[in-house]
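Written out below as C-alpha cells is the structure these notes cover.
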Amino acid sequence: MRLDKYLKVTRLIKRRTIANEACDAGKVLVNDKIARASYDVKVGDIITINMGQKLVKVEVLNVTEYVKKEEAAENYRVIS
C-alpha cells in the first residue's frame, strides 16, 4: 500500500492530500530515510512524522486496504 494512503487509512494524518504534501515536504521518514508518497509500506517499517512541534514515531504492524475507525490504531504501535 502507498505511504500516503496508509497514513490516511490508519488516521495518522486526516486526509490523503495532506499526507501527500507532508511526504513531498520531507516531513515523513520511513526507516530514517525521507520517503515519497508512493513508497510501498511493509510490516515492520518505522514511520516518523514531523508535524511542526509534534513528532510521531510508529511501527507498522498490519497493512490493510480498509479499516474501521475504531480499529485504525491496531495497525500500528506508537514508539515515541
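Since every read-out is calculated from the coordinates, none of them should be taken as a lab result. Not measured: the values here are computed from a predicted model. With ideal geometry, Cβ positions are generated from the backbone for all residues, glycine too; neighbour counts draw on all protein chains shown.
Within the option set THR17, THR64, THR48, being among the polar types (S, T, N, Q), assigned to a loop (DSSP other than H, G, I, E, B) and surrounded by 11 or more Cβ atoms within 10 Å (Cβ to Cβ) holds for one residue only, THR64. Taken together, LEU55, LEU12 contain a single residue that is of a type in the set (A, V, I, L, M) and in a loop (DSSP other than H, G, I, E, B), which is LEU12.
Looking across the range 20-36, the residues that are out of contact with any Leu (no Cβ under 8 Å at 6 or more places or on another chain) and either under 15 Å from GLU59 (Cβ atoms) or not in a helix (DSSP H, G or I) (or both) come down to ALA25, GLY26, LYS27, LEU29, ASN31, ASP32, LYS33, ILE34.
Determine which member of the set VAL28, VAL58 is crowded, with 20+ Cβ neighbours inside 10 Å, over 16 Å from ALA72 (Cα atoms) and without any contact (Cβ under 8 Å) to a residue 60 or more places away in the chain.
The unique qualifying residue is VAL28.
To keep it simple, each residue is scored yes or no on (1) over 19 Å from LYS54 (Cβ atoms); (2) small (Gly, Ala, Ser).
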position: TYR6; (1), (2): no, no
position: VAL9; (1), (2): yes, no
position: LYS14; (1), (2): no, no
position: GLU21; (1), (2): no, no
position: ALA25; (1), (2): no, yes
position: LEU29; (1), (2): no, no
position: ALA35; (1), (2): no, yes
position: SER38; (1), (2): yes, yes
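The condition of being in contact with a Gly (Cβ under 7 Å, 6 or more places away or on another chain) and of a type outside the set (Gly, Ala, Ser) does not hold for VAL56.
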